[in-house]
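Some notes on the structure that comes next.
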Amino acid sequence: MRGQITAPGVPAIDGRMIYLGKLARGAAVSRELVIPIAARAAAALRGQTVELSIELRDGHDTAPSTPVRFRGALAESPP
(Lines give C-alpha, C1' and ligand atoms only; values in the text may rest on other atoms or scores of the structure.)
Protein backbone atom coordinates (compact mmCIF):
# COMPACT_ATOMS: atom_id res chain seq x y z
CA MET A 1 0.00 0.00 0.00
CA ARG A 2 1.31 3.41 -0.90
CA GLY A 3 -0.10 6.91 -1.00
CA GLN A 4 0.55 10.02 -3.01
CA ILE A 5 0.34 13.33 -1.20
CA THR A 6 -1.53 16.19 -2.84
CA ALA A 7 -0.83 19.55 -1.20
CA PRO A 8 -0.90 22.30 -3.84
CA GLY A 9 -0.19 25.03 -1.27
CA VAL A 10 2.82 23.20 0.18
CA PRO A 11 5.44 22.52 -2.52
CA ALA A 12 7.76 20.91 0.05
CA ILE A 13 5.44 17.87 0.33
CA ASP A 14 3.18 18.04 -2.74
CA GLY A 15 3.53 14.96 -4.92
CA ARG A 16 5.53 12.91 -2.43
CA MET A 17 4.92 9.18 -2.20
CA ILE A 18 4.62 7.44 1.15
CA TYR A 19 4.86 3.69 1.63
CA LEU A 20 2.70 2.00 4.23
CA GLY A 21 3.68 -1.62 3.59
CA LYS A 22 1.71 -4.78 2.99
CA LEU A 23 -1.89 -4.89 4.17
CA ALA A 24 -3.80 -8.19 4.29
CA ARG A 25 -7.19 -8.41 2.60
CA GLY A 26 -9.94 -7.08 4.89
CA ALA A 27 -7.41 -5.73 7.41
CA ALA A 28 -7.36 -2.19 8.76
CA VAL A 29 -4.44 -0.28 10.23
CA SER A 30 -3.80 3.12 11.72
CA ARG A 31 -0.51 4.89 11.00
CA GLU A 32 1.18 8.06 12.15
CA LEU A 33 3.63 9.29 9.55
CA VAL A 34 6.58 11.61 9.86
CA ILE A 35 7.28 13.37 6.58
CA PRO A 36 10.63 15.16 6.82
CA ILE A 37 10.98 18.54 5.15
CA ALA A 38 13.87 20.97 4.88
CA ALA A 39 14.44 23.40 7.74
CA ARG A 40 13.71 26.42 5.54
CA ALA A 41 10.36 24.95 4.38
CA ALA A 42 9.48 24.01 7.97
CA ALA A 43 10.19 27.56 9.15
CA ALA A 44 7.97 28.98 6.40
CA LEU A 45 5.11 26.65 7.40
CA ARG A 46 5.37 27.16 11.16
CA GLY A 47 2.06 28.38 12.54
CA GLN A 48 0.28 27.96 9.19
CA THR A 49 -2.73 25.74 8.54
CA VAL A 50 -1.85 23.06 6.01
CA GLU A 51 -4.35 21.19 3.85
CA LEU A 52 -3.37 17.96 2.16
CA SER A 53 -4.82 14.70 0.99
CA ILE A 54 -3.36 11.26 0.43
CA GLU A 55 -4.62 9.08 -2.40
CA LEU A 56 -4.11 5.44 -1.45
CA ARG A 57 -3.04 2.91 -4.08
CA ASP A 58 -2.33 -0.80 -4.01
CA GLY A 59 -1.14 -3.43 -6.44
CA HIS A 60 -4.65 -4.81 -7.03
CA ASP A 61 -6.45 -1.47 -7.45
CA THR A 62 -8.71 -2.20 -4.47
CA ALA A 63 -7.80 0.80 -2.30
CA PRO A 64 -10.64 3.25 -1.57
CA SER A 65 -11.03 6.00 -4.15
CA THR A 66 -11.77 8.65 -1.49
CA PRO A 67 -8.53 10.31 -0.36
CA VAL A 68 -7.55 10.67 3.28
CA ARG A 69 -7.64 14.39 4.13
CA PHE A 70 -5.79 16.45 6.73
CA ARG A 71 -6.21 20.08 7.72
CA GLY A 72 -4.22 21.51 10.59
CA ALA A 73 -0.82 22.65 11.80
CA LEU A 74 2.32 20.62 11.28
CA ALA A 75 4.17 19.23 14.29
CA GLU A 76 7.25 21.16 15.38
CA SER A 77 9.40 18.04 15.36
CA PRO A 78 8.94 14.26 15.15
CA PRO A 79 7.44 12.65 18.27
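Pick from the range 29-51 the residues that are in contact (Cβ under 8 Å) with a residue 24 or more places away in the chain and in contact with a strand residue (DSSP E or B) (Cβ under 9 Å, 6 or more places away or on another chain): which of them is farthest from residue 70 (Cα to Cα)?
35
Could you pull out the residue among 15, 21, 9 that is loosely packed, with under 15 Cβ neighbours inside 10 Å, in contact (Cβ under 8 Å) with a residue 40 or more places away in the chain and not in a strand (DSSP E or B)?
9
When the range 34-61 is examined, which residues are found to be surrounded by fewer than 11 Cβ atoms within 10 Å (Cβ to Cβ) and within 15 Å of residue 1 (Cβ to Cβ)?
Selection gives 59, 60, 61.
Of the residues that sit in the range 36-74 and are of a type in the set (A, V, I, L, M) and closer than 20 Å to residue 23 by Cβ, which one is farthest from the chain's Cα centre (by Cα)?
Going through the range 36-74, the residues of a type in the set (A, V, I, L, M) turn out to be 37-39, 41-45, 50, 52, 54, 56, 63, 68, 73-74.
The next check asks that each one be closer than 20 Å to residue 23 by Cβ; those that pass are 54, 56, 63, 68.
Numbers: 54: 5, 56: 10, 63: 15, 68: 8 Å.
The extreme case among them is 63.
Inspect the range 72-79 for any residue being in contact (Cβ under 8 Å) with a residue 24 or more places away in the chain, touching a helix residue (DSSP H, G or I) at 6+ places or on another chain (Cβ under 7 Å) and surrounded by 10 or more Cβ atoms within 10 Å (Cβ to Cβ) and give the result as yes or no.
Yes: the range 72-79 contains one or more residues that are in contact (Cβ under 8 Å) with a residue 24 or more places away in the chain, touching a helix residue (DSSP H, G or I) at 6+ places or on another chain (Cβ under 7 Å) and surrounded by 10 or more Cβ atoms within 10 Å (Cβ to Cβ).
Any residue in the range 54-69 that's at pLDDT 90 or above and assigned to a loop (DSSP other than H, G, I, E, B): show its pairings with residues that are of a type in the set (D, E, K, R) and surrounded by 15 or more Cβ atoms within 10 Å (Cβ to Cβ) at Cβ separation under 7 Å, as long as the two are six or more apart or on different chains.
Hits for this filter: 67/55.
Considering the range 3-28 alone, what residues qualify as being within 22 Å of residue 71 (Cβ to Cβ) and out of contact with any Ser or Thr (no Cβ under 8 Å at 6 or more places or on another chain)? Outline the logic, then answer.
Step one: list which residues in the range 3-28 are within 22 Å of residue 71 (Cβ to Cβ), which gives 3-18, 20.
Once the filter is applied, which keeps residues that are within 22 Å of residue 71 (Cβ to Cβ) and out of contact with any Ser or Thr (no Cβ under 8 Å at 6 or more places or on another chain), the range 3-28 yields 3, 4, 8, 9, 10, 11, 12, 13, 16, 17, 18, 20.
The values are calculated or read from the model by the stated rules, or taken from the named source; none is laboratory data. Quick caveat: nothing in here was measured; it's all calculated off a predicted structure. Note that we place each Cβ from the backbone using ideal geometry, even for glycine, and neighbour counts take in every protein chain shown.
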